[in-house]
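The values are calculated or read from the model by the stated rules, or taken from the named source; none is laboratory data. Note that the structure is a prediction, hence the values are computed from the model and not measured. Note that we place each Cβ from the backbone using ideal geometry, even for glycine, and neighbour counts take in every protein chain shown.
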Amino acid sequence: MNAYSFSVILSILISFLVTLSLGKVVIPFLHKLKYGQTILEIGPSWHKNKQGTPTMGGIMFIIGITLATVICVPMYYYLSSISGLKVTETPLMMTKIFAGLGMAIACGLTGMIDDFVKVKQKQNAGLTPKQKLILQFGITFAYFLILGVVNTATGGESLTKVHLPFFGVIEFGFFYWIIFSVIIVGIINAANLTDGVDGLSASVALFIGIFYMFLANFMGMFGMSIEAAALTGGCLGFLFWNFHPAKVFMGDTGSLFLGAMACALGIGTGLHVPMIILAFVYILEMFSVILQVAYFKFTHGKRLFKMSPIHHHFEMCGWSETKICAVFSLTTIFLGIISILLVVYNI
């Protein structure tokens with residue numbers, strides 16, 4: 001077994017086992033603190049039996065993914081060096097790996113504050129949308145600033161070039177920072193909207209991690225692939241506790257972290273369009289809410305969907321939570337295959 005294969009497997013195992021094991025400690029602790037989820041009256045009536053299920057469980061996979069990344073990425077380069085392999089990683093790539101992880105952790109902390117306020121106030125409203133957006137844009141700008149400073153200091157190539165399928169490489173210049181800051185914050189919040197059915201957000205993120213693991217490996221970005229492996233293991237470990245019927249919810253703590261991780265891997269690998277494709281389920285959830293609100297206003301009270309985000313629409317149509325997870329996961333797998341074809345054939 002070579003250094004890369006060993007590091008990927010170890011990354012998955014550490015993240016999986018840490019997340020799985022923490023459930024035995026964190027869930028009872030959250031119960032003791034009475035950090036239970038408040039279920040809104042406007043939601044599906046059958047969700048009321050979930051009232052009081054512990055939230056903020058996302059901290060479990062945040063710890064698992066972080067430990068796996070900080071252990072296994074450096075380990076890969078060390079094992080490669082002592083094996084005689086000439087594997088070097090640019091300072092920029094290492095920055096992308098760990099600054100991306102830092103961005104995700106910062107978003108997770110933002111979510112944790114939001115969850116804490118919700119729990120203390122015993123309602124499903126924490127930070128205001130304005131407060132969350134200010135924090136998220138601040139975190140995203142800091143992430144891009146770090147990448148820009150390191151890239152300038154090391155004399156790297158332009159970070160603002162984007163490969164668009166069928167059009168080739170386009171230089172976005174200054175507008176890159178604005179456009180992709182908005183996209184990142186959008187995906188982060190869209191991931192938060194996806195967390196409304198047992199196992200859904202973690203299932204989608206699991207397959208996002210798997211596809212980034214293969215895409216980064218194909219591109220020779222082995223450290224980034226190991227980080228994606230950590231995401232995969234963490235989501236798998238969390239699903240043991242979160243799959244229907246959920247024993248714990250990830251809360252905004254987990255969903256904002258997962259959305260940021262998906263973006264960090266997309267920006268880090270330079271796969272901007274595949275990043276958007278892989279996040280399609282998140283984006284669909286977000287636009288279902290936007291469309292629902294717009295349609296409601298323009299038609300003076302009519303609804304486009306039975307309920308939004310769209311996973312609740314399918315629930316109201318009679319789909320089980322397990323079926324929704326399966327269909328949305330299969331959708332992500334299909335889109336992941338499209339992403340791989342775009343990259344492999346350099347379309």
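Anything in the stretch 136-193 that is free of Cβ contacts under 8 Å to residues at least 24 places away in the same chain and at positive phi? List them, or say none.
Those that are free of Cβ contacts under 8 Å to residues at least 24 places away in the same chain and at positive phi: Gly155, Gly168, Gly173.
Starting from the stretch 283-300, keep only residues that are farther than 17 Å from Val204 by Cα, then list their pairs with residues that are charged (D, E, K, R) and at pLDDT below 90 whose Cβ atoms are within a distance under 7 Å, requiring at least 6 positions of separation or different chains.
Hits for this filter: Tyr295/Lys302; Phe296/Lys302.
Out of (1) modelled with pLDDT under 75; (2) assigned to a loop (DSSP other than H, G, I, E, B), the odd one out for Trp46 is which?
Exception for Trp46: condition (2).
Could you check, for the stretch 147-162, whether at least one of its residues is in contact with a Ser or Thr (Cβ under 8 Å, 6 or more places away or on another chain) and more than 16 Å from Pro91 (Cβ to Cβ)?
No: the stretch 147-162 contains no residue that is in contact with a Ser or Thr (Cβ under 8 Å, 6 or more places away or on another chain) and more than 16 Å from Pro91 (Cβ to Cβ).
Does at least one position in the stretch 151-163 carry a residue that is assigned to a helix (DSSP H, G or I) and closer than 28 Å to Ala230 by Cβ?
yes
From the list Phe296, Phe249, Phe240, Phe287, which one is assigned to a helix (DSSP H, G or I), in contact with a Gly (Cβ under 9 Å, 6 or more places away or on another chain) and either of a type in the set (Gly, Ala, Ser) or over 20 Å from Leu159 (Cα atoms) (or both)?
Phe240
When you go through Leu147, Leu101 one by one, which is the residue that is touching a helix residue (DSSP H, G or I) at 6+ places or on another chain (Cβ under 9 Å), under 21 Å from Ser255 (Cβ atoms) and surrounded by 13 or more Cβ atoms within 10 Å (Cβ to Cβ)?
Leu101
Would you call Gly209 part of a helix (DSSP H, G or I) and free of Cβ contacts under 8 Å to residues at least 60 places away in the same chain?
yes
For the stretch 323-334, indicate whether the set of residues that are out of contact with any strand residue (DSSP E or B) (no Cβ under 7 Å at 6 or more places or on another chain) and either of a type in the set (D, E, K, R) or assigned to a loop (DSSP other than H, G, I, E, B) (or both) is non-empty.
Checked against the condition, which is being out of contact with any strand residue (DSSP E or B) (no Cβ under 7 Å at 6 or more places or on another chain) and either of a type in the set (D, E, K, R) or assigned to a loop (DSSP other than H, G, I, E, B) (or both), the stretch 323-334 yields at least one hit.
Kindly indicate which of Lys306, Lys297 is loosely packed, with under 13 Cβ neighbours inside 10 Å and out of contact with any strand residue (DSSP E or B) (no Cβ under 7 Å at 6 or more places or on another chain).
Within the list Lys306, Lys297, the selection yields Lys297.
Within the bounds of the stretch 311-318, is there any residue that is in a helix (DSSP H, G or I), among the charged types (D, E, K, R) and closer than 25 Å to Ile179 by Cβ?
No, the conditions are met nowhere in the stretch 311-318.
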